[in-house]
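See structure below.
The values are calculated or read from the model by the stated rules, or taken from the named source; none is laboratory data. Predicted model only: the values in this text are computed from it and were never measured. As a convention, Cβ positions derive from the backbone with ideal geometry for all residues, glycine included, and neighbour counts pool all protein chains shown. Quick note on the areas: whole protein, heavy atoms, side chains included, nothing else; ligands and nucleic acids left out. Shrake-Rupley method; radii C 1.70, N 1.55, O 1.52, S 1.80 Å.
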Amino acid sequence: MSRALEAAVSRRILAVRSGEAHDSQVRLFAEGLPAILDGLAMLEAATRYVVNNLQRSCAFDPSRRERLLNRRTRARKLQGHMILHPTEHLPLSAACHPDTWVAQVQGLGLAIDERLALFPGPYTGDGRPTAWLCSDPDLVAAFCELWHETKRSAVPVRDVPGLVRLTERQLDVVALLSKGAKDATISRLLGVSPRTVTSDVGKIMDAFGVATRWEAGMVIGRACPPSLSDRPVVRS
């Protein structure tokens, strides 16, 4: 099911990109992670009741732009969940998106009110991801069917065995670690004691299942693409 859907979407996108066809039901949504994330706010505002989301990984944004979006989504009582493939930085996704479910995800994309879908497309020549908006009823329905099928085997992220839950402050520590900040700098910027920072870093290492700060930095680096780092590296 997922392979057939991916092939159908890819054909439509490639036809539009190559100029072979004008397709009123498939158009470029955004290029680059920052633009895609910013565009999601527009989609959230246009959503009336449900979002069905399948992702293999969820990038960590040091600017924490998901905070406002998540609060608004909960306040509006929108239905639906992101279903996420198990990843090494699942604790970050669980803390940023506590309504996430976890399963073996095969297809990628999200659907809005079962009438619009957002699919990943080919990377640009300079290596940026692209997202494409689709209004084709058959492709949207196929994606929603895949989402519901995946949901059958999914579990809430809070029920994943051994998952270490990170606090909002610890997510702020992760954001500063992604910028290269040392403990003293983190302590000063967050207004907490150096001992608290040391404890938080230890909790983050436990969450990732690593033994050293260097290994934790590697996991954070893979979770946080450079294109999302919109501030300079903070150093002590």
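Karplus-based coupling profile of region 104-113, in residue order and whole Hz: 6, 8, 9, x, 10, x, 8, 10, 10, 6, with θ = phi - 60° in 6.51 cos²θ - 1.76 cosθ + 1.60 and x standing for Gly or Pro. The value given for region 1-53 is a Kirkwood hydrodynamic radius of 13.1 Å, derived from the mean inverse Cα-Cα separation.
Here the Karplus relation 6.51 cos²θ - 1.76 cosθ + 1.60, evaluated at θ = phi - 60°, turns the backbone of region 188-204 into coupling constants of 5, 5, 8, x, 10, 6, x, 5, 5, 4, 4, 5, 5, 4, x, 5, 5 Hz, with x for every Gly and Pro.
Using the scaling law 2.2 N^0.38 Å as the reference, what is the normalised Cα Rg of region 105-166? That works out to 1.43 for region 105-166.
Relative contact order (percent) for region 70-123, with alpha-carbon contacts under 8 angstrom and 6 or more residues of separation?
On the way: 38 pairs, mean separation 15.3, N = 54.
Once normalised by length, the contact order is 28 percent.
Within the shell of other residues whose beta carbon sits under 14 angstrom from the beta carbon of CYS96, the net charge comes to +3, with Lys and Arg scored +1 and Asp and Glu -1.
Restriction of the chymotrypsin sites (Phe, Trp or Tyr not before Pro) in region 43-104 to DSSP coil positions whose beta-carbon has at most 13 other beta-carbons within 10 angstrom yields TYR49. For region 113-159, trypsin sites (Lys or Arg not before Pro) meeting the loop criterion (DSSP other than H, G, I, E, B) and having at most 11 other Cβ atoms within 10 Å: ARG152.
Above 16 Å lies some portion of the pair distances; for region 48-121, what is it as a whole percent of all C-alpha pairs? Mind showing how you got there, number by number?
Details: 1384 of 2701 pairs.
Summing the P(r) tail past 16 Å for region 48-121 gives 51 percent.
So what's the convex hull volume per residue for the Cα atoms of region 1-131, in Å³? Provide the component values of the computation, followed by the final result.
Working: hull volume 15.6 nm³, N = 131.
Hull volume over Cα atoms, normalised by residue count, gives 119 Å³.
Computed from the C-beta positions of ARG152 and ARG27 and an R0 of 25 Å, the FRET efficiency is 0.20 to the nearest 0.05.
On average, how much accessible surface per residue is there in the chain, in Å², for a 1.4 Å probe, leaving out ligands, DNA and RNA?
Numbers: 12330 Å² over 236 residues.
About 52 Å² of surface per residue is accessible.
Across region 90-95, rounded Karplus estimates of 3J(HN,Hα) from the backbone phi angles (6.51 cos²θ - 1.76 cosθ + 1.60, θ = phi - 60°) give 4, x, 5, 5, 5, 6 Hz, Gly and Pro being marked x.
Annotation: amide H of VAL50 within the under-5 Å range of GLN79, ASP113, sequence separation 5 or more or interchain, hydrogens built in the peptide plane.
Residues whose amide H falls under 5 Å from that of ALA30, counting only those 5 or more places apart or on a different chain, are ALA131, with hydrogens built in the peptide plane. Within region 40-165, antiparallel bridges make up roughly 70 percent of the DSSP beta bridges whose residues both belong there. The relative contact order of region 4-116 comes to 30 percent, based on Cα pairs under 8 Å that sit 6 or more residues apart. Entry note, the chain: relative contact order of 24 percent, from Cα contacts under 8 Å with a spacing of 6+ residues.
Rounded to whole Å and ordered largest first, report the semi-axes of the equivalent ellipsoid of the chain derived from its Cα gyration tensor (root of 5λ).
Details: eigenvalues 230, 77, 50 Å².
One finds semi-axes of 34, 20, 16 Å for the chain.
Each principal axis of the Cα cloud of region 68-195 was evaluated for its coordinate range; sorted largest first, these ranges are 56, 40, 29 Å.
This model, with +1 at the C-beta of Lys and Arg and -1 at the C-beta of Asp and Glu, gives region 65-104 a dipole about its Cα centre of some 400 debye. Test of understanding: what is the full-extension gain from ALA41 to ARG74, defined as 0.36 nm times their sequence separation minus their Cα-Cα distance? Full extension of this stretch gives 10.5 nm more.
For ALA8 and ARG65, the FRET efficiency from 1/(1 + (r/R0)^6), where r spans their Cβ atoms and R0 equals 45 Å, is about 0.90.
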